[in-house]
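Worksheet: the structure to be examined is printed underneath.
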Amino acid sequence: MTGPETAGNWRLDWPVSAGQRLAVAHLKTTPEDFRVTESLWPDAETGVCDDKGSGEHLCVWLEKTGDNTEYVARELAGIAGCKPFEVGFCGLKDRHAVTRQWFSLYCPGRESADAAVREAISARWTIKGWRRHARKLQRGEHLSNGFHLLLRQVAGDRERLNVALATLAATGAPNYFGPQRFGLGGGNLEQAVRLDVASLNRKRGRRYGGGRSASKNVLYFSAARSWLFNEVLARRVVAGNWSINLPGEPGPEAGPTGPLWGDGGTTATGEQERLERSVVAESPEFERLFQATRMGPERRPLVARADALEWRWPDDDSLELRFSLPPGQYATTILSDIFELKDMSLSRHNKD
């Protein structure tokens, strides 16, 4: 529990803010233990909104259990009579959970059929809200995700955990990308290293090429830049300066950020740029990779903040938590700063 671990040649577990995790806990023992509520249109989600909007897209707010987002999107396309790529959503939600999220269905000029479409959808999933909208929903467009979680078999000192949770509520946690982004054993990172840089250079004018291989390339690029971000953040966690701005922070008013590496590297300057380039220089295979693309440098917050964090102990070894996170931040990242989590859904997934 005390140190980073590696899978193959890749570190896939990074230092935590307190130096060590304080407890072990079971996550997702049942889907009902992990509830996620995506918020996009609060009025429509509370049922008090009489204005159902207008536009070419019928949007539905579904509650689902045991189905992942992409599967539901494909099924909704069949029900609504549109193409799968014409279904939009704001983010991927876990299969082994009870989740509420918005989907947009391209149904231009068919408002009169909305009730029938909603009725057909309701035979599969519960519709908690709906409205018409002018555009297809895009990734990260939602306002927040609300979490209601139950950890079971919590093994750790309750007093120390209460102090750690209070600290988490006040200061947040390191905003690492989760290990699932990197593939089993870092497989996506291995694929990123193996990409043909010369071929990518030839295809610069067409970005990453086309078709299925282009989609895979984007996945591998994303894994590589996420891993580099985690390595920079880890260096700052160990140094104890992950929650403060360093000289050279490109957006100081927004708080400390780290690099999502791209062609040109980083937009930081001064001390922060030197730190980030020194960390990335330890992975020259990734430096070469990003020089062969037109993926511009971006920034990501170093601190993940659990808004309105509340917790209680229903019994001696169970912990109930409620909090919300902005798009792009993850509940397991927050919790993993304190707990060594055992995801109980993984054994169920292997049996499905």
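The charge dipole of the chain, taken about its Cα centre with unit charges on the Cβ of Lys, Arg, Asp and Glu (plus for the first two, minus for the last two), comes to roughly 1300 debye.
What the Cα convex hull of the range 134-199 gives, in volume per residue, is 222 Å³.
Please identify the longest segment of the chain free of exposed trypsin sites (Lys or Arg not before Pro), where exposed means a DSSP state other than H, G, I, E or B and no more than 15 other Cβ atoms within 10 Å. The reported range is 208-293. Along the axis of the charge dipole computed for the chain (Cβ charges of +1 for Lys and Arg, -1 for Asp and Glu, origin at the Cα centre), the listed residues 17, 77, 126 are led at the positive end by 77. When the solvent-accessible area of the chain is split by element, carbon and sulfur atoms take up 49 percent of it, the probe being 1.4 Å. Surface analysis of the chain yields an accessible area of 47 Å² per residue, using protein heavy atoms and a 1.4 Å probe. Of the beta bridges in the range 1-126, as assigned by DSSP with both residues counted there, near 85 percent are antiparallel.
What does the charge dipole of the range 296-343 about its Cα centre add up to, to the nearest 20 debye, if the Cβ of each Lys and Arg holds +1 and the Cβ of each Asp and Glu holds -1? Provide the component values of the computation, followed by the final result.
Numbers: 6 positive and 10 negative charges, 82 e Å.
The calculation lands at about 400 debye.
Exceedance of the 25 Å cut-off in Cα-Cα distance is limited, within the set 93/216; 128/342; 28/64, to 128/342.
Computed from the C-beta positions of residue 134 and residue 219 and an R0 of 30 Å, the FRET efficiency is 0.50 to the nearest 0.05. The mean of 1/r over all pairs of different alpha-carbon atoms in the range 217-278, once inverted, gives a Kirkwood hydrodynamic radius of 12.0 Å. In the range 229-352, taking the dipole from charged Cβ atoms about the Cα centre, the farthest positive-side position among 281, 314, 237 is held by 281.
Per the Cα gyration tensor, the range 69-188 maps to an equivalent ellipsoid with semi-axes of 37, 17, 15 Å, ordered largest to smallest.
When the charge dipole of the chain is built from unit charges on Cβ atoms (+1 for Lys and Arg, -1 for Asp and Glu) and taken about the Cα centre, the candidate among 339, 92, 301 whose Cα reaches farthest toward its positive end is 92. Karplus-based coupling profile of the range 143-149, in residue order and whole Hz: 7, 6, 10, x, 10, 10, 10, with θ = phi - 60° in 6.51 cos²θ - 1.76 cosθ + 1.60 and x standing for Gly or Pro.
Once you have the Kirkwood Rh of the range 83-149 from its Cα pairs, apply Stokes-Einstein at 4 °C and 1.567 mPa s and quote D in µm²/s.
96 µm²/s
Out of every Cα-Cα pair that the range 37-124 contains, those further apart than 18 angstrom amount to 42 percent. Counting only DSSP beta bridges whose two residues both lie in the chain, roughly 85 percent are antiparallel. GNM on the chain, alpha-carbon springs under 10 angstrom: the most fluctuating residue among 326, 252, 174 is 252. Stretching residue 46 away from residue 347 to a fully extended chain increases their span by 104.8 nm, per 0.36 nm per residue minus the current alpha-carbon distance.
For residue 241 paired with residue 285, estimate the spin-label separation in nm (one decimal), with each label point 7 Å from Cα along the Cα-to-Cβ line. Reported label-point gap for residue 241 and residue 285 is 3.0 nm.
Within the range 281-334, the GluC sites (Glu not before Pro) that combine a DSSP coil assignment with at most 15 other C-beta atoms in a 10 angstrom radius are 282. On a per residue basis, the convex hull of the C-alpha atoms belonging to the chain measures out at 159 Å³. Secondary-structure-derived ellipticity at 222 nm for the chain, considering helices only, amounts to -9500 deg cm²/dmol, per-run term -39500 (n - 2.57) for DSSP H runs with n ≥ 4.
The values are calculated or read from the model by the stated rules, or taken from the named source; none is laboratory data. Note that the structure is a prediction, hence the values are computed from the model and not measured. Virtual Cβ from ideal backbone geometry, glycine too; neighbours counted across all protein chains shown. We work out accessible area using only protein heavy atoms, side chains counted, and drop any ligands, DNA or RNA first. Shrake-Rupley method; radii C 1.70, N 1.55, O 1.52, S 1.80 Å.
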